[in-house]
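The values are calculated or read from the model by the stated rules, or taken from the named source; none is laboratory data. Worth saying up front: this structure is predicted, and the values here are computed from it rather than measured. Using ideal geometry, Cβ is built from the backbone for each residue, glycine included, and neighbour counts are taken over all protein chains shown. In case anyone asks, the SASA skips ligands and DNA or RNA and just uses the protein heavy atoms, side chains included. Shrake-Rupley method; radii C 1.70, N 1.55, O 1.52, S 1.80 Å.
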Amino acid sequence: MQDDFTVENFWREFQSYKTDFIPADFSPSKVDLYDVIDSTNSELLRRLENAGDFFDKRKYDKMLVAAKSQSAGRGRIGRRFYSPDKTGIYFSLIHVPKTQNLNPAKITAAAAVSVSRAIENVFGVATKIKWVNDIYVGEKKVCGILAEGFCDKNGIVPCVVVGIGINIAMKKNADENLGKAGGIFDSCENPEEHRSKLLAACTKEFFYVLENDEKFIDEYRAKSFLTGKNVTVSPLAGTKDGAYTAKVLDITDSAELLVQLDDGTKKELSSGEVTLHEN
């Protein structure tokens, strides 16, 4: 099978995907593709670390690093993100907002909507979003998103690195710690042949949402599979300390999760972790 994972093929797919929209400051020169890398997020954070002051960082806006596999893929709160070869696509983008009003949670939600659209358009399958950063197909988590703000020497967060890992097809029992993770397909003869098209679709959808200041929260709400369900809330992600049960009522315009506690108290969650309540 011929490998189509090249910048040229990516750019061809990017230009032809869905609309004629092309951001003025995005070009093949901002795209780097790797066979394997430690972490696409880590690579972009390293580049920003060496970029100088905030105004120099604007040239890094929309920079894209993608890889066939990661040797040290990262998820939230230091978790490992399993990123084997011949399985999916793993990539990160730098977003430098036009103003200093940066909301990482809302950017994560924008990325989730963008990936959801791309998967549905490329593969014709329905997707759901689990607040705040996971994409599901059926009962399987097929995508994780990690947004990391970059803090400069003055303590300002002028930009964010958005990392996205998508499993196109995974072998069953590939890793005993995968939990609910799986692929978009249970089996796919050559999942790697879809990499460039899916990468282009996700990237273009993400740029389109941000460049057009699209009101995507209603779509995020409609795709949420937690709304109306009872969940366990862990205020500190990765630990059950202080965990409590609540019912999910809605998603706020700022991408916070609105929940109601057993005593009727309502809370808007901007961080933490939620799991479906185990009775």
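Could you list, in sequence order, all residues of segment 108-127 that are without any contact (Cβ under 8 Å) to a residue 60 or more places away in the chain and at negative phi? Give the derivation first.
Within segment 108-127, the first condition is being without any contact (Cβ under 8 Å) to a residue 60 or more places away in the chain, and the residues that meet it are 120, 124-126.
Residues satisfying the conditions are Glu120, Val125, Ala126.
Residue by residue, here is whether (1) open to solvent by 50 Å² or more (accessible area, probe 1.4 Å); (2) at pLDDT 70 or above; (3) outside any loop (DSSP other than H, G, I, E, B); (4) over 26 Å from Thr99 (Cβ atoms) holds:
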site: Ser29; (1), (2), (3), (4): yes, yes, yes, no
site: Leu33; (1), (2), (3), (4): no, yes, yes, yes
site: Leu48; (1), (2), (3), (4): no, yes, yes, no
site: Lys57; (1), (2), (3), (4): no, no, yes, no
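When you check Gly242 against the structure, is it open to solvent by 40 Å² or more (accessible area, probe 1.4 Å), part of a loop (DSSP other than H, G, I, E, B) and under 21 Å from Glu139 (Cα atoms), yes or no? No, not satisfied.
For Ser16, the requirement of being hydroxyl-bearing (Ser, Thr, Tyr), at pLDDT 90 or above, surrounded by fewer than 18 Cβ atoms within 10 Å (Cβ to Cβ) and closer than 25 Å to Arg117 by Cβ is met.
Looking at Lys197, Lys223, which is the one that is of a type outside the set (Phe, Trp, Tyr), within 29 Å of Gly88 (Cα to Cα), open to solvent by 60 Å² or more (accessible area, probe 1.4 Å) and touching a helix residue (DSSP H, G or I) at 6+ places or on another chain (Cβ under 7 Å)?
Lys197
Here Thr203 meets the list (1) assigned to a strand (DSSP E or B); (2) of a type outside the set (D, E, K, R); (3) buried (at least 17 other Cβ atoms within 10 Å of the Cβ); (4) at pLDDT 95 or above almost entirely, failing just condition (1). Residue-level analysis places Ile135 among those that are under 15 Å from Tyr90 (Cβ atoms) and β-branched (Val, Ile, Thr).
Residues are listed down the side, and each one gets a yes or a no for (1) in a strand (DSSP E or B); (2) at pLDDT 95 or above; (3) surrounded by fewer than 23 Cβ atoms within 10 Å (Cβ to Cβ); (4) not hydrophobic (A, V, I, L, M, F, W, C):
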{"residue": "Ala118", "(1), (2), (3), (4)": "no, yes, no, no"}
{"residue": "Lys141", "(1), (2), (3), (4)": "yes, no, yes, yes"}
{"residue": "Ala147", "(1), (2), (3), (4)": "yes, no, no, no"}
{"residue": "Gly155", "(1), (2), (3), (4)": "no, no, yes, yes"}
